[in-house]
1. Within region 175-193, which residues are among the hydroxyl-bearing types (Ser, Thr, Tyr) and within 14 Å of the chain's Cα centre (by Cα)?
2. Going residue by residue through region 35-42, is there one that turns out to be hydrophobic (A, V, I, L, M, F, W, C), surrounded by fewer than 14 Cβ atoms within 10 Å (Cβ to Cβ), at pLDDT 85 or above and under 19 Å from the mean Cα position of the chain (by Cα)?
3. Return yes when GLU72 is free of Cβ contacts under 8 Å to residues at least 40 places away in the same chain, over 26 Å from PHE149 (Cα atoms) and in a loop (DSSP other than H, G, I, E, B) and no when it is not.
4. Quick one: in region 133-162, of everything that is of a type in the set (Gly, Ala, Ser) and in a helix (DSSP H, G or I), which residue is surrounded by the most Cβ atoms within 10 Å (Cβ to Cβ)?
5. Among the residues that make up region 87-95, is at least one of them in the same structural domain as CYS158 (by TED's automatic domain parsing), assigned to a loop (DSSP other than H, G, I, E, B), out of contact with any Cys (no Cβ under 6 Å at 6 or more places or on another chain) and among the β-branched types (Val, Ile, Thr)?
6. Suppose we keep only residues that are of a type in the set (D, E, K, R) and not in a helix (DSSP H, G or I) within region 109-124. Which one would you say is farthest from LEU63 (Cα to Cα)?
7. Do we find that VAL145 is assigned by TED's automatic domain parsing to the domain that holds ARG50, touching a Gly at 6+ places or on another chain (Cβ under 7 Å), free of Cβ contacts under 8 Å to residues at least 40 places away in the same chain and under 24 Å from ARG67 (Cβ atoms) in this structure?
Amino acid sequence: MNETTRRGFIFGAATLVAGGAFLGVDRASRSALNADTIPEEPAGLVTILRFGDDGRRLGPETLPKVRKSQDEWRKQLTPEQFAITRRAGTEEPYSGALVEEHRAGIYRCADCDNALFDSKAKFESGTGWPSFWEPIAKENVYERVDVSFGEVRREVRCTLCDAHLGHVFPDGPPPTNLRYCMNSAALRFAPVASS
């Protein structure tokens with residue numbers, strides 16, 4: 001084995017070991033953080049915009065943040081909803097019930113029923129998750145930096161209960177050029193009643 005090949009082999013092996021160690025530490029730290037709680041925004045009052053299931057804007061309302069123990073959330077939610085909304089999980093692409101939902105309606109938080117997205121902003125992203133180019137009201141969701149899995153992303157959460165919903169990316173359609181890529185399990189679809 002010549003010196004160049006030997007150095008390349010050693011460098012490649014060291015890179016693989018370091019990468020594996022980084023992923024192991026990242027997963028271990030996420031598991032430790034997610035063991036019982038995800039850090040939530042401070043308790044207190046928040047102002048959201050209320051919407052009827054017909055999409056009609058009902059106006060602003062100031063409410064206390066929804067706070068429940070992990071056991072209370074486990075009793076209320078399915079195991080999949082709990083893993084996604086309370087532990088920041090992600091469902092497999094194309095596995096969610098709302099990926100192929102095309103009816104008119106409102107997408108609400110599965111945990112607290114806060115209105116999050118209108119079907120008018122839904123589009124086919126080809127990613128395997130329900131995607132929207134904007135939330136129903138900017139007050140109803142908030143974003144924070146997510147540095148898990150070795151990348152920097154913008155996590156989207158429900159303003160009222162801090163449920164993890166998904167992530168937002170800068171590759172959506174006009175007019176916002178954003179793609180709110182949400183987990184179906186984090187949402188409850190309320191179809192508009194046909195008259």
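The values are calculated or read from the model by the stated rules, or taken from the named source; none is laboratory data. Keep in mind it's a predicted model, so treat the numbers as computed, not measured. Every residue, glycine among them, receives a Cβ derived from its backbone with ideal geometry; neighbour counts consider all protein chains shown.
1. Within region 175-193, the first condition is being among the hydroxyl-bearing types (Ser, Thr, Tyr), and the residues that meet it are 176, 180, 184.
TYR180, SER184 - these are the residues of region 175-193 that are among the hydroxyl-bearing types (Ser, Thr, Tyr) and within 14 Å of the chain's Cα centre (by Cα).
2. To start, the set of residues in region 35-42 that are hydrophobic (A, V, I, L, M, F, W, C) comprises 35, 38.
Filter once more, keeping what is surrounded by fewer than 14 Cβ atoms within 10 Å (Cβ to Cβ): 35.
Keeping just the survivors that are at pLDDT 85 or above gives none.
Looking through region 35-42, none of the residues is hydrophobic (A, V, I, L, M, F, W, C), surrounded by fewer than 14 Cβ atoms within 10 Å (Cβ to Cβ), at pLDDT 85 or above and under 19 Å from the mean Cα position of the chain (by Cα).
3. Details: free of Cβ contacts under 8 Å to residues at least 40 places away in the same chain: yes; over 26 Å from PHE149 (Cα atoms): yes; in a loop (DSSP other than H, G, I, E, B): no.
Here the answer is no, as GLU72 does not meet what is asked.
4. Filtering region 133-162 down to residues of a type in the set (Gly, Ala, Ser) leaves 137, 148, 150.
In the following step, the residues that additionally are in a helix (DSSP H, G or I) were identified as 148, 150.
Values: SER148: 16, GLY150: 9.
Top of the filtered list is SER148.
5. Here is the first cut: in region 87-95, the residues in the same structural domain as CYS158 (by TED's automatic domain parsing) are 87-95.
Adding the requirement that they be assigned to a loop (DSSP other than H, G, I, E, B) leaves 87-95.
Subsequent filtering for residues that are out of contact with any Cys (no Cβ under 6 Å at 6 or more places or on another chain) retains 87-95.
Adding the requirement that they be among the β-branched types (Val, Ile, Thr) leaves 90.
For region 87-95, residues in the same structural domain as CYS158 (by TED's automatic domain parsing), assigned to a loop (DSSP other than H, G, I, E, B), out of contact with any Cys (no Cβ under 6 Å at 6 or more places or on another chain) and among the β-branched types (Val, Ile, Thr): present.
6. Let us first name the residues in region 109-124 that are of a type in the set (D, E, K, R), namely 111, 113, 118, 120, 122, 124.
Checking the rest, the ones that are also not in a helix (DSSP H, G or I) come to 111, 113, 118, 122, 124.
Numbers: ASP111: 15, ASP113: 13, ASP118: 22, LYS122: 27, GLU124: 34 Å.
In this case the residue turns out to be GLU124.
7. Working: assigned by TED's automatic domain parsing to the domain that holds ARG50: yes; touching a Gly at 6+ places or on another chain (Cβ under 7 Å): no; free of Cβ contacts under 8 Å to residues at least 40 places away in the same chain: yes; under 24 Å from ARG67 (Cβ atoms): yes.
For VAL145, the condition - assigned by TED's automatic domain parsing to the domain that holds ARG50, touching a Gly at 6+ places or on another chain (Cβ under 7 Å), free of Cβ contacts under 8 Å to residues at least 40 places away in the same chain and under 24 Å from ARG67 (Cβ atoms) - is not met.
Here is a yes/no grid of residues against (1) farther than 20 Å from ASP162 by Cβ; (2) within 18 Å of the chain's Cα centre (by Cα):
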residue	(1), (2)
LEU49	no, no
ARG57	yes, no
THR62	no, no
GLN70	no, no
GLN81	no, yes
GLY89	no, yes
TYR94	yes, yes
VAL99	yes, yes
